[in-house]
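*Asks:* Please read through the structure below; I'll follow up with questions.
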Amino acid sequence: MMDQLLQLLNTNARMEPEKMAVMLNTTKEDVERRIAEYEDLGVIRGYKPLLDYDKIDTQYVEAVIELKVTPKKDFGFEEIAHKISSYHEVDSVYLMSGGYDLHVQVVGKTFKDVALFVAQRLAILDGVVSTATHFVLSRYKDRGVIMNPTLGDERGNVSL
């Protein structure tokens, strides 16, 4: 089970150590020491803001790509997963159970950029059997955060 400090950080990584210390009934120094230990051990791998791209004046397209691959002898899925992870367009790579092997999240400036990335870089990799690309049209909740909490049902009531 994830300890309480990690739960707090996962909810809000910018929370002040003083506030976490009060919530955890410990000292600021203990919180800072434990965070440093988690970073040194690689438990905490980084800090990244959760951006709402609809509110930024930047072109942005996100896609989820399902990849079926043939694992390599002695390497399994590791070799191809590491190769795919090295591309700057790739945000995340997960080994999956079920109907496909690798779940790849990519970011591009346009739909065409993502399509070309899939066609010219992913699909041609040795071991890739098939790809299925799904473009993200809207994000309602991301990493536990509701992306538009004020949005209500704008359909209104209909009465005859």
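*Asks:* So TYR94 ticks every box in (1) more than 19 Å from the chain's Cα centre (by Cα); (2) free of Cβ contacts under 8 Å to residues at least 24 places away in the same chain but one. Which box is left unticked?
*Replies:* Answer for TYR94: the failing condition is (1).
*Asks:* Still on this structure, please answer the following. Looking at the range 20-46, which of the residues that are under 25 Å from the mean Cα position of the chain (by Cα) and free of Cβ contacts under 8 Å to residues at least 12 places away in the same chain is most open to solvent (accessible area, probe 1.4 Å)?
*Replies:* ARG45
*Asks:* Between PRO49, PRO149, which is within 29 Å of ASN12 (Cα to Cα), exposed (fewer than 10 other Cβ atoms within 10 Å of the Cβ) and either of a type in the set (D, E, K, R) or under 16 Å from the mean Cα position of the chain (by Cα) (or both)?
*Replies:* Only one candidate passes the filter, namely PRO49.
*Asks:* Let me ask something else. If you scan the range 23-39, which residues turn out to be in a helix (DSSP H, G or I) and under 12 Å from ASP3 (Cβ atoms)?
*Replies:* Across the range 23-39, the qualifying residues are LEU24, VAL31, ARG34, ILE35, GLU37, TYR38.
*Asks:* Taking into account only those residues within the range 103-115 that are out of contact with any Ser or Thr (no Cβ under 8 Å at 6 or more places or on another chain) and assigned to a strand (DSSP E or B), which is most open to solvent (accessible area, probe 1.4 Å)?
*Replies:* VAL107
*Asks:* OK, next. Looking at ILE80, is it open to solvent by less than 30 Å² (accessible area, probe 1.4 Å) and in contact with a Lys or Arg (Cβ under 9 Å, 6 or more places away or on another chain)?
*Replies:* Yes; evaluated as a whole, the condition is true for this residue.
*Asks:* Which residue, of TYR140, TYR100, TYR60, TYR87, is open to solvent by 80 Å² or more (accessible area, probe 1.4 Å), on the phi < 0 side of the Ramachandran plot and either touching a residue at least 60 places away in the same chain (Cβ under 8 Å) or under 20 Å from the mean Cα position of the chain (by Cα) (or both)?
*Replies:* Testing whether each residue is open to solvent by 80 Å² or more (accessible area, probe 1.4 Å), on the phi < 0 side of the Ramachandran plot and either touching a residue at least 60 places away in the same chain (Cβ under 8 Å) or under 20 Å from the mean Cα position of the chain (by Cα) (or both) leaves just TYR140.
The values are calculated or read from the model by the stated rules, or taken from the named source; none is laboratory data. Note that this is a predicted model, so its numbers are computed, not measured. Positions of Cβ are generated from backbone atoms using ideal geometry, with glycine treated the same way; all protein chains shown enter the neighbour counts. SASA here: full protein model, heavy atoms, side chains in, ligands and nucleic acids out. Shrake-Rupley method; radii C 1.70, N 1.55, O 1.52, S 1.80 Å.
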